[in-house]
Every structure is written in structure tokens, then in C-alpha cells.
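S.K.: One structure is given below, represented as C-alpha cells, and several questions about it will come after.
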Amino acid sequence: MLAVTLNAAQQCASLIKESNSIAVLTGAGISTSAGIPDFRGPQGLYVTKRYDPEKVFDIDYFTRDPKPFFEFAKDFLELETKIKPTFTHQFLVQLEKQEKLIGVVTQNIDSLHQLAGSKNVLEMHGSFWTSFCLNCDKKYSFEEIKIKIQEEGVPHCSCGGVIKPDIVFFGENVKHLNASFQVAHQSDLFFVIGSSCVVYPAASVPLYANGNVVIVNKGKVKLDGPNVVLQVEDDCDSFFREVAKYVDNV
Ligand code: ZN
């Protein structure tokens, strides 16, 4: 009898089929093929546009002078109008629709998960999805803030206050930390997708996974503790396109 060796995509597909509560941590790697550069990578926004991250994402600097942040924000949102969620984003939406996926934890601020249609998304570093007035706390939607930044540069509320997108700045706590740990803890299969797991506390989320862990990232990821059953050093989209062939209705 011939021994059948399953390839990584087939292995991944059977893990998906066997599980009922999948959770995911995504990082910059899931969005690079959509055209969002990894901020810290060689083509990152910091490098290409020479933004000073100390000014752009520093909360103390922002309260003194929000201009550098909104210069970045304007370019970032302009870039967003040209891009679409990737195959991997869509793949995760399908898993959620099939009630297999219980939650997506992301380090990204591009909201591509929500734009793709994912419902339970925990954005640890926040995003432009919601914004609020620093003076009266009035909430603004993604569409509203996009228009305001484009038209006004620094967006102001009708009360005169500056509107701040719900992005986590240096000096601020990450969001949804306990909920992220919880979703990892409740999962029976946990994916790390496009994250090298070096930025804490996001990198500690997979450590709460009880079940099997699958890593799909271009570079090698070292996780101490969790049960990593599969590590794929490949582009997310090419890998999940392959996986989709072996999973029904995805
Ligand atoms: Zn206001």
C-alpha cells in the first residue's frame, strides 16, 4: 500500500474541517498583497513618505500638534480607496459565515477585515473604522472621517474639537486585550496569519490557544508553548487559495 503524504494545504484543510471554533491573529502580511505596505518593512509608509513615527503615532505629540498624524492619515485613507480585501480576508469571511470562525484578532489598522465582511473583529491597534471628538465625544463613522480628513486636513467636530480616529498611539493601551485572549482560549484551532509575532502584547495572543496552532507567514515564527502543528512560510493568498480547493464552499 502506498503511503499518502498530505501536502500542507490538504493538512490545513482537514484541520479546518475538524474544527468548530477557529480563531485568527492577523498582521501586516495579510494586507501587503492588497497594497498596504508593512509600516516597518522596507516599503513601509514610514520609509517611502518619510513620516516620523515619533510624531505620527505619539499621543503627547498629537495633543500638541495633530497635523503630522493627519498628513499620514490622508495618504493612508487615499491608499485605502484604491485597494480591496485580499483572498485571505475573504476566506476568513466564508469561515465565519459557516459558523466555524469565532473571531479575528488583528494588529492591522486598515479595517480590511470589516470591509471584506467579517463581523467579529478585534482590532488591537484600533483603526479608522470609528472616530470620536476629543471635546464632546461625538462618534464619527469611517466614511465621515474619510471625507473630513480629505476636506479639512485636521478634522473638526461641529463643537470645534479635534476628531481622533480610534487608533492606538504610542503611549496608549492596546484595545480588546482580554477579549483577544478569550477568543484564543475558546478556539479549537488558531491561525497566525501574516504576523511574525514580535510586537507585544499582540504576540502573546497565540499563547492562549488551547488547540492546534497553524502559522502562515513569509518568515519563520517562533512560538514557545502553543501546539504548532503546521508552519507554512509562504504568501497567505497563494497558500489559502490552495487550501480553499480542499474545503467545501469556501
Ligand atoms: Zn465635538
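S.K.: How long are the three semi-axes of the equivalent ellipsoid of the chain, in whole Å, if each is the root of 5 times an eigenvalue of the C-alpha gyration tensor, listed from largest down?
M.R.: Working: eigenvalues 245, 60, 57 Å².
In descending order, the three semi-axes are 35, 17, 17 Å.
S.K.: Along the charge dipole of the chain, pointing to its positive end and built from +1/-1 on Cβ of Lys, Arg, Asp and Glu, which listed residue (PHE87, ALA184, CYS136) has its Cα farthest out?
M.R.: Positive-most Cα among the choices belongs to PHE87.
S.K.: Another one. Helix 177-186 sits at what angle to the longest principal axis of the chain, using alpha carbons and giving 0 to 90 degrees rounded to 10?
M.R.: 10
S.K.: Moving to a separate point now. List the relative contact order of the range 122-212 as a percent without decimals, with contacts defined as Cα pairs under 8 Å and 6+ residues apart. Working shown, then result.
M.R.: Working: 126 pairs, mean separation 26.1, N = 91.
The normalised contact order for the range 122-212 reaches 29 percent.
S.K.: Grab the other residues whose beta carbon is less than 12 angstrom from that of ALA23, score K and R as +1, D and E as -1, and report the net. Kindly include the intermediate steps, with their values, before the conclusion.
M.R.: Numbers: positive: LYS100; negative: GLU96, ASP188.
Around ALA23, the charge tally is -1.
S.K.: Would you mind getting the accessible area per residue of the chain, heavy atoms of the protein chains only, 1.4 Å probe, in Å²? Intermediate results must be reported in sequence, preceding the final value.
M.R.: Values: 12160 Å² over 250 residues.
That works out to 49 Å² per residue.
S.K.: Shifting gears a bit: Stick to Cα atoms and the Kirkwood definition of Rh, then tell me Rg/Rh for the range 150-250.
M.R.: Result: Rg/Rh = 1.13.
S.K.: Taking only Cα atoms, what is the 0 to 90° angle, nearest 10, from helix 8-18's long axis to the longest principal axis of the chain?
M.R.: 90
S.K.: Let me ask another. Run the numbers for VAL162 and VAL199: contour at 0.36 nm per residue of separation, minus the present Cα-Cα distance, in nm. Don't skip to the end; give the middle numbers.
M.R.: Values: separation 37, 0.36 × 37 = 13.32 nm, distance 2.92 nm.
Fully extending the segment from VAL162 to VAL199 adds 10.4 nm.
S.K.: Determine, at each q value in 0.11, 0.19 (inverse angstroms), the log₁₀ of I(q)/I(0) that the Debye formula gives when each Cα of the range 48-155 is one equal point scatterer.
M.R.: Scattering profile of the range 48-155, log10 relative to I(0): -0.41, -1.06.
S.K.: Quick query: amide H of LYS138 versus all other amide H atoms, modeled in the peptide plane; which residues come in under 5 Å with a sequence gap of 5 or more or a different chain?
M.R.: So LYS138 has HN proximity to CYS133.
S.K.: Sort 29-36, 119-126 for me by packing, meaning the mean count of neighbouring Cβ atoms within 10 Å per residue, highest on top. Intermediate results must be reported in sequence, preceding the final value.
M.R.: Values: 29-36: 21.4, 119-126: 19.5.
Highest-to-lowest ranking by the protection proxy: 29-36, 119-126.
S.K.: Once the Cα atoms of helix 67-81 and of the chain are each reduced to a long axis, what angle between those two axes, in degrees from 0 to 90 to the nearest 10, is obtained?
M.R.: 50
S.K.: Also, I was wondering about something else. Counting only DSSP beta bridges with both residues in the chain, what percent are antiparallel, rounded to the nearest 5? Walk me through the numbers before you get to the answer.
M.R.: Numbers: 8 of 32 bridges.
The answer is about 25 percent antiparallel.
S.K.: On the accessible surface of the range 6-131, probed at 1.4 Å, how many percent belong to carbon and sulfur atoms?
M.R.: So the carbon and sulfur contribution to the accessible surface is 49 percent.
S.K.: While we're looking at this one, here's another question. Using Cα-Cα distances under 8 Å and only pairs 6 or more residues apart, what relative contact order does the chain have, in percent?
M.R.: Details: 463 pairs, mean separation 61.3, N = 250.
Computed over the chain, the figure is 25 percent.
S.K.: Also: Could you look at the range 203-250 and say what percent of its accessible area is carbon and sulfur, using a 1.4 Å probe and all protein chains? Walk me through the numbers before you get to the answer.
M.R.: Values: 1030 of 2450 Å².
That share works out to 42 percent.
S.K.: Within the set LYS82/LYS139; LYS175/LYS218; LYS97/LYS245; LYS138/LYS164; LYS17/LYS245; LYS82/LYS138, which residue pairs have Cα atoms separated by over 20 Å?
M.R.: Details: LYS82/LYS139 25 Å; LYS175/LYS218 26 Å; LYS97/LYS245 18 Å; LYS138/LYS164 10 Å; LYS17/LYS245 13 Å; LYS82/LYS138 28 Å.
Listed pairs above 20 Å: LYS82/LYS139; LYS175/LYS218; LYS82/LYS138.
The values are calculated or read from the model by the stated rules, or taken from the named source; none is laboratory data. Bear in mind that the values here come from a model prediction, so they are computed numbers and not experimental data. Every residue, glycine as well, gets a Cβ built from its backbone with ideal geometry; the counts of neighbours run over all protein chains shown. Each accessible area value is taken on the protein alone, full model and side chains, heavy atoms only, with ligands, DNA and RNA left out. Shrake-Rupley method; radii C 1.70, N 1.55, O 1.52, S 1.80 Å.
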